Amino acid sequence: MTDASSDRLIDPLDPGAELPARTTGGAVDRTVRAPDNNQPMLDAEGNPFQELDVERPDEIAQRSATVRQLAVDEQVWRFGHVIVDEAQDLTPMQWRMVVRRSRKGAVTMLGDLAQRSIGEPGTWDDHLPPELSLFDQQNLTTNYRSPAEINDLAASVLEELAPGLPQSRAVRRSGRTPDIIQVPSVDEDLAALVSNANANANANADADGDVGVGASSDGARVEQRPAVIGFDLPDLTAIDERHRPRALTPWKAKGLEFDTVFVVEPARFLDEPNGLSLLYVALTRSTDRLTIVHQRPLPSALDPTAR
């Protein structure tokens, strides 16, 4: 916006800061431009954003707004601090957008490079733009979601995927080792396996008084209904609707957690780009029980005879 007594451009969210004045043919150019390439920033209709001009008293009066309120309304697309979750999957263009939305370059990023599904895990230095090259990194290695038995299995995949990344440490044990079941046909046998697991889990839940939807130790929503994670999954509609599992690809499962998880045909994951990362995502969704169902040979990271 501009100071009413001059053509000085000032930051509406930080009145003490002065923006460099731009002139076009003697008039002040109030077009908001990107800091990295000086191109105009556009709104949803493709029109350039304009810095607020406080010399529009009629408009301010009509909206019954203070100058500061009007300024905030027109600057809503920029923020003093930006928080990015699942930051490992942002593309260079998306990072560019994030940097533009932060007025002061203040960004908090949360992500797990082992779950990166758009390229090799690498390091944060490999993926962040130059504008964010100076950052403080904190490695959070305490696993509150999965018990140690599942965490240890996922760690074997992480060791093969990205040996340079820090391993997590689970805070608890469940006393249940993940089940690894080989079947003659995934298409024909999966529904029966899920139904049997449902029956056992429901019996245990009734005994423990643990039914419905609960919360994990970090407060996140946890579904008691199982999840089946994989590719080209068979039809599971024959299972009673009340206990029918959610069928998810690893991309859809990212960020979710379930008491019981079935990971189906791990070797099929490796047919996909960044397959080990996708397998790591699937293995780390469970808060309690994990069953791996396979027809094809297991990947070496999951094969007990290879470890």
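The values are calculated or read from the model by the stated rules, or taken from the named source; none is laboratory data. This structure is a prediction, so every number in the text was calculated from the model and none was measured. To get the accessible areas, we keep the full protein, side chains included, count just its heavy atoms, and leave off ligands, DNA and RNA. Shrake-Rupley method; radii C 1.70, N 1.55, O 1.52, S 1.80 Å.
Summary table below
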{"item": "Integer Hz, Karplus 6.51/-1.76/1.60 couplings in order for the stretch 247-254, x for Gly and Pro", "result": "9, 9, 7, x, 5, 6, 7, 4"}
{"item": "The stretch 234-307 - convex hull of alpha carbons, volume per residue in Å³", "result": "110"}
{"item": "Sorted largest first, extent of the stretch 90-198 alpha carbons per principal axis (Å)", "result": "55, 32, 25"}
{"item": "Per-residue SASA entry for HIS127, accessible area with 1.4 Å probe, Å² rounded to 10", "result": "40"}
{"item": "Shape of the stretch 135-202, Cα gyration tensor, a/c cut at 1.5", "result": "prolate"}
{"item": "Residues with amide H under 5 Å from that of MET109, placed H, sequence gap 5 or more", "result": "VAL84"}
